[in-house]
Amino acid sequence: MTRKEFVKVLGLLGIYSPLNHVFGKGNRPEPSRFSGNVLIIGAGAAGLTSGFLLKQRGIEFRILEATSQYGGRMSVNRSFADFPIALGAEWLSSNTIRFEPLADSKKVLSEIQTVGYLPDEEYEIWDRGKLIRGSFQSFNDRKFVNSSWLEVFERYVLSSIKESIVYETPIHSIDFSGDKIVVKSPAGEYTADRVIVTAPLSLLQNGSIRFTPSLPEKKTEVMNETLVWDGFKAFFEFEKKFYPSFVDYLIQPETDGQVSLYDAAWGQKSTKNVLGLFSVGRPATRYGDLADEVFKEEILKEFDDIFAGQASRYYLKHMTQHWSKEPFAQGAYVSDYTERGVFKYLRAPVEDKLFFAGDAYTDGYDWGNVHNAIQSAAHSVNQILLNN
């Protein structure tokens with residue numbers, strides 16, 4: 001059995017340049033039909049990408065970010081270990097890694113190192129109280145080496161758009177009934193000709209942003225019926241390493257979610273022994289609902305069952321990240337088992353005024369990853385530039 005049978009965390013990172021239709025042969029831009037201004041809701045991967053691409057075309061824009069930080073679910077902790085700990089987006093996956101349209105891939109890969117797993121890497125499956133040896137085989141996941149997705153954006157994107165980000169500006173209403181779109185926040189009121197909404201789908205589901213007029217009935221219906229998985233990650237430092245590179249829990253039914261344990265320090269320039277726990281769906285909710293001390297006690301017991309009592313013996317410290325408790329995330333990503341046809345409604349623009357970008361607003365071939373957010377942002381910018 002292979003890891004691919006049990007985990008669908010990442011799809012192939014085959015980012016083509018969605019602006020191929022914007023830029024003609026020789027990368028010379030075609031004339032744009034759009035000459036207005038754009039507001040971007042959210043400074044995560046999709047929001048930053050949208051701003052970056054609009055900046056390249058000389059389009060006026062602002063990014064309205066609800067928190068005091070850019071990056072969204074690419075958040076990184078740089079103090080827990082001697083390498084950056086990715087609290088959200090961590091892996092990338094592809095035989096041929098591409099970072100377009102953010103930057104030339106060869107340049108990125110010459111400056112930011114990644115490392116891939118070998119087919120014979122230690123991989124186990126935890127199934128009803130037993131560890132079963134598994135195989136990576138065609139598993140293409142790679143890790144950044146002492147770096148992260150966030151650093152990619154910091155190096156190649158942020159410098160050109162950072163002055164256009166307005167922080168601590170949570171949006172509570174978008175009125176697109178008139179010629180100008182009016183976006184309101186407790187911090188102020190903004191107007192634009194087009195708006196790119198990159199807020200997580202969970203925020204639209206719970207009505208955090210009110211739309212006037214209401215979004216189309218079918219779009220609203222599909223949005224509300226789409227399952228967004230909870231997301232919970234934890235990291236544990238131990239005195240010694242006693243675990244393999246990966247352990248996947250066998251979850252039944254598999255539609256409930258996923259739990260994986262992994263050597264977080266694998267491939268890093270590190271002297272630390274750090275075990276990561278990644279969970280989505282119902283298991284993430286179960287872990288995240290526990291008080292920290294209770295979680296520590298229960299998870300160490302769980303690890304002791306898997307690793308013959310070594311977790312409690314060598315435990316040093318831990319940290320957690322529960323994405324559903326983040327007020328402007330409220331979840332991880334759309335369930336791996338979502339029907340592909342759902343996404344045409346999620347990503348569909350409204351009246352050529354509102355556009356949607358992010359890891360949930362994709363073409364339906366893949367979702368839930370940073371490269372999906374990049375692609376969807378480029379798609380939205382492409383629509384604005386060419387169809388208006």
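At-a-glance table
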quantity: Of all residues in the range 267-282 being buried (at least 19 other Cβ atoms within 10 Å of the Cβ) and assigned to a loop (DSSP other than H, G, I, E, B), the one that is modelled with the highest pLDDT; calculated: Gln268
quantity: Filtered residues of the range 110-126 (kept if surrounded by 13 or more Cβ atoms within 10 Å (Cβ to Cβ) and touching a Phe, Trp or Tyr at 6+ places or on another chain (Cβ under 8 Å)); calculated: Ile112, Gln113, Thr114, Tyr117, Glu121, Glu122, Tyr123, Glu124, Ile125, Trp126
quantity: Total residues in the range 187-203, condition part of a strand (DSSP E or B), among the charged types (D, E, K, R) and surrounded by fewer than 24 Cβ atoms within 10 Å (Cβ to Cβ); calculated: 1
quantity: Qualifying residues in the range 207-223 (those that are surrounded by 13 or more Cβ atoms within 10 Å (Cβ to Cβ) and not hydroxyl-bearing (Ser, Thr, Tyr)) - the one farthest from Phe355 (Cα to Cα); calculated: Val222
quantity: Leu92, sole failed condition from (1) part of a strand (DSSP E or B); (2) in contact with a Gly (Cβ under 9 Å, 6 or more places away or on another chain); calculated: (2)
quantity: Residue selected from the range 143-186 under the condition acidic (Asp, Glu) and assigned to a loop (DSSP other than H, G, I, E, B), by the criterion surrounded by the most Cβ atoms within 10 Å (Cβ to Cβ); calculated: Glu168
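Residues are listed down the side, and each one gets a yes or a no for (1) over 17 Å from Gly267 (Cα atoms); (2) over 22 Å from the mean Cα position of the chain (by Cα):
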residue: Ala86; (1), (2): no, no
residue: Lys106; (1), (2): yes, yes
residue: Leu109; (1), (2): no, no
residue: Pro119; (1), (2): no, yes
residue: Glu122; (1), (2): no, yes
residue: Lys130; (1), (2): yes, yes
residue: Phe136; (1), (2): no, yes
residue: Ser148; (1), (2): no, no
residue: Tyr156; (1), (2): yes, no
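Residue-by-condition table, conditions (1) closer than 28 Å to Tyr123 by Cβ; (2) surrounded by fewer than 14 Cβ atoms within 10 Å (Cβ to Cβ):
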{"position": "Asp304", "(1), (2)": "yes, no"}
{"position": "Arg313", "(1), (2)": "yes, no"}
{"position": "Leu316", "(1), (2)": "yes, yes"}
{"position": "Ala329", "(1), (2)": "no, no"}
{"position": "Glu339", "(1), (2)": "no, yes"}
{"position": "Leu354", "(1), (2)": "no, no"}
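The values are calculated or read from the model by the stated rules, or taken from the named source; none is laboratory data. The shown structure was predicted, so the numbers you read here are calculated from the model rather than taken from an experiment. Virtual Cβ from ideal backbone geometry, glycine too; neighbours counted across all protein chains shown.
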